[in-house]
Amino acid sequence: MRCPFCKADKDKVIDSRSSAGGAVIRRRRQCLMCNRRYTTYERVEELPLRVVKKDGRRVPFDRNRILRGMLTACEKLPIGYDRLEEITDRVESQINEMFEREVGSKVIGRLVMSELRGLDPVAYVRFASVYREFKDVSDFVEEVQPLIGDRPEGSRLAGADDREGATGAAGQAADGAAGTGSSGAGKRAGARARTTSGRGSDGGSTPREQELPLEELP
């Protein structure tokens, strides 16, 4: 290492220790020509990870964007900030293990959706509505149906009527999407979800005992 004082390139290491949790090695050196001492730091060279957007643009990876997206999806839900921080850490760790230089935004979206699916069904559908760009209430119901099929007893979507639970969750998720900037599609879908949940095919009210099971929904 070249001495910063006399510019000679003859030195010796007189002390070495780790810092920053082992991410950096601090070395104390002494120049053999002028006998002055100086400190150097050794760390792993990291290439900045970039995200490939849908339109082909490359932008730097930013974990805060993941966290902000989940905060919006979980608005007014009983989910703590620490839980979302943990999810962000796991997603970031998976991305760093799977990719070295570039990762598609679709991959990040799928990883986040996988985490939210097990966290809260409404947050999951809200996030999916933006990520998959839902255009109609049928998109919401299609996304909600698998959640009802494998829901645990007493979960958010559980109820006496699967069809009502599906359309109700779709409407709630649509309202959330409408408030997070998914243009007018979320608002229209939410309104249609609430309208269709209590009416039959003839436009009149459908008695509760005559409502179709979820698997028979159009």
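The values are calculated or read from the model by the stated rules, or taken from the named source; none is laboratory data. Values in this document were obtained by computation on a predicted structure and should not be read as measured data. So basically every Cβ, Gly included, is an ideal-geometry build from the backbone, and we count neighbours across all protein chains shown.
Residues that are within 20 Å of residue 55 (Cβ to Cβ), β-branched (Val, Ile, Thr) and not in a helix (DSSP H, G or I) do not occur anywhere in the stretch 76-84.
Please specify each residue of the stretch 18-49 satisfying the condition of being of a type in the set (Phe, Trp, Tyr) and either under 27 Å from residue 99 (Cα atoms) or not in a strand (DSSP E or B) (or both). Break it down stepwise before answering.
The first filter runs over the stretch 18-49 and keeps only residues of a type in the set (Phe, Trp, Tyr), leaving 38, 41.
41 - this is the single residue of the stretch 18-49 that is of a type in the set (Phe, Trp, Tyr) and either under 27 Å from residue 99 (Cα atoms) or not in a strand (DSSP E or B) (or both).
More than 20 Å from residue 118 (Cβ to Cβ) and among the polar types (S, T, N, Q): does that describe residue 93? For residue 93, the condition - more than 20 Å from residue 118 (Cβ to Cβ) and among the polar types (S, T, N, Q) - is not met.
Say we look at the stretch 1-54 and pick out the residues that are under 30 Å from residue 109 (Cα atoms) and not aliphatic (A, V, I, L, M); which of these is surrounded by the most Cβ atoms within 10 Å (Cβ to Cβ)? Don't jump to the end; show me each part of the working.
If we filter the stretch 1-54 for residues that are under 30 Å from residue 109 (Cα atoms), which is where we start, we get 23, 44-54.
With not aliphatic (A, V, I, L, M) added as a condition, the list becomes 45-46, 48, 50, 53-54.
Details: 45: 4, 46: 9, 48: 7, 50: 15, 53: 12, 54: 10.
This residue is 50.
The sole residue among 110, 126 that is modelled with pLDDT under 95, surrounded by fewer than 14 Cβ atoms within 10 Å (Cβ to Cβ) and closer than 21 Å to residue 54 by Cα is 110.
The residues of the stretch 65-119 that are of a type in the set (Val, Ile, Thr) and without any contact (Cβ under 8 Å) to a residue 24 or more places away in the chain amount to a single one, 107.
Could you list all residues from the stretch 56-91 that are surrounded by 13 or more Cβ atoms within 10 Å (Cβ to Cβ), over 16 Å from residue 130 (Cβ atoms) and either touching a Pro at 6+ places or on another chain (Cβ under 9 Å) or among the β-branched types (Val, Ile, Thr) (or both)? Result: 61, 79, 87, 88, 91. Could you say whether any residue in the stretch 74-85 is modelled with pLDDT of 90 or more, within 26 Å of residue 47 (Cβ to Cβ) and out of contact with any His (no Cβ under 6 Å at 6 or more places or on another chain)? Looking for residues that are modelled with pLDDT of 90 or more, within 26 Å of residue 47 (Cβ to Cβ) and out of contact with any His (no Cβ under 6 Å at 6 or more places or on another chain), one finds at least one in the stretch 74-85, hence yes.
Got a number for residues in the stretch 1-17 being in a strand (DSSP E or B) and either in contact (Cβ under 8 Å) with a residue 12 or more places away in the chain or β-branched (Val, Ile, Thr) (or both)? Show your work before the answer.
Applying the first criterion (in a strand (DSSP E or B)) to the stretch 1-17 yields 11-17.
This time we only want the ones that are either in contact (Cβ under 8 Å) with a residue 12 or more places away in the chain or β-branched (Val, Ile, Thr) (or both), so: 11-16.
Qualifying residue count for the region: 6.
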